[in-house]
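Undergrad: The structure is given below, and queries will be raised subsequently.
The values are calculated or read from the model by the stated rules, or taken from the named source; none is laboratory data. Quantities reported herein were computed from a predicted structural model and do not represent experimental measurements. Cβ atoms come from the backbone with ideal geometry, glycine included; neighbour counts cover every protein chain shown. What goes into the accessible areas is simple: the full protein's heavy atoms, side chains included, and nothing from ligands, DNA or RNA. Shrake-Rupley method; radii C 1.70, N 1.55, O 1.52, S 1.80 Å.
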Amino acid sequence: LFQRQKRISMANFNLPDKAVQNWRSFRYKGEVYTFEHLNARKITFENPKIPESYTLYITISHHAFTESCKSGTCSDDEYYPNSKDKRIFSAERYLLSKNIPEILLDLPNQFFYHGGYGKFCSCKIKKSDGTEVIYQLVYRIWKQERKLRFHIESAYPLEKKGRKKKVSFWVLCHNLLAGKKLPKPPR
């Protein structure tokens, strides 16, 4: 059943402004890091409750594997090459980002909630050692040229999530497809 709910494609598609389809590899402290797991993709999900399918065009920002220079004294070799947004490579965020493909395949079962500023978040993963991490993925979602766009603007570990009200993945997709307003955050 799970396999029938989604179809995945790594095919090229028209990307919106500021989106990157394939991130370049990066040499950091003598090791080469590659980012194939963060390439743009399209995934189709079929709603099990109503006869409707949703094809999501997904792109991922470099914020999933970089962070701002907190010390103010970061060396040039720490910066991931991006002329528009200078951020340093983060080995911790990179390792966590390896979970993103699996998270994306399981979007209907993720806990979505309002992340502020019209964005939605999902989180919680288990690391390879079995420990649980609150891993927040911040999505900007919109419909463009009849395509449902999910852009991961950032992904990072949280200290604690706090109480959040769940937003249904299926409601988000249905409303986007139908041109309806997205759910508002609770007041």
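Undergrad: Specify whether the C-alpha gyration tensor of the stretch 70-148 places it in the rounded, prolate or oblate class, a ≥ b ≥ c being the square roots of the eigenvalues: rounded for a/c under 1.5, otherwise prolate if a/b is larger than b/c and oblate if not.
TA: Details: a/c = 2.14, a/b = 1.28, b/c = 1.67.
Here the stretch 70-148 falls in the oblate category.
Undergrad: Moving to a separate point now. Using alpha carbons only, how many degrees (0 to 90, rounded to 10) separate the axis of helix 169-178 from the longest principal axis of the chain?
TA: 70 degrees
Undergrad: Ok, one more. List the Cys residues of the chain that have no partner Cys with a C-beta closer than 4.7 Å.
TA: C121, C123, C173
Undergrad: Just one of (1) 21.0, 67; (2) 17.0, 55; (3) 16.4, 50 is Rg and Dmax of the Cα atoms in Å as worked out from the coordinates here. Which one is it?
TA: Evaluating Rg and Dmax of the Cα atoms in Å on these atoms matches (2).
Undergrad: Still on this model: With Cβ to Cβ distances under 11 Å as the rule, what net charge do the other residues near D77 carry (K, R +1; D, E -1)?
TA: Numbers: positive: R27, K29; negative: D76, E78.
Result for the neighbourhood of D77: 0.
Undergrad: Assigning unit charges at the beta carbon (Lys, Arg +1; Asp, Glu -1) and nothing else, what dipole magnitude in debye, to the nearest 20, does the chain show about its Cα centre? Walk me through the numbers before you get to the answer.
TA: Details: 35 positive and 18 negative charges, 204 e Å.
So the magnitude is around 980 debye.
Undergrad: To continue, here is another question. If I model a spin label as a point 7 Å beyond the Cα along the Cα-Cβ vector, how far apart are those points for S53 and F111 in nm?
TA: For S53 paired with F111, the spin-label model returns 3.1 nm.
Undergrad: Fully extended, how many nm does the chain gain between T44 and K143 (0.36 nm per residue separation, minus their Cα-Cα distance)? Numbers along the way, then the final one.
TA: Working: separation 99, 0.36 × 99 = 35.64 nm, distance 1.48 nm.
Full-extension gain reported as 34.2 nm.
Undergrad: Between rounded, prolate and oblate, where does the stretch 146-187 land on the alpha carbon gyration tensor, with a ≥ b ≥ c its root eigenvalues, rounded for a/c under 1.5, else prolate if a/b exceeds b/c?
TA: On the way: a/c = 3.08, a/b = 1.51, b/c = 2.04.
Cα axes put the stretch 146-187 in the oblate bin.
Undergrad: Report the paramagnetic label zone for E31: residues of the stretch 149-163 whose backbone N is under 14 Å from a point 7 Å from Cα along the Cα-to-Cβ axis.
TA: Under cut-off, by backbone N: nothing.
Undergrad: Per-residue accessible area for R93 at 1.4 Å probe radius, Å² rounded to 10?
TA: 30 Å²
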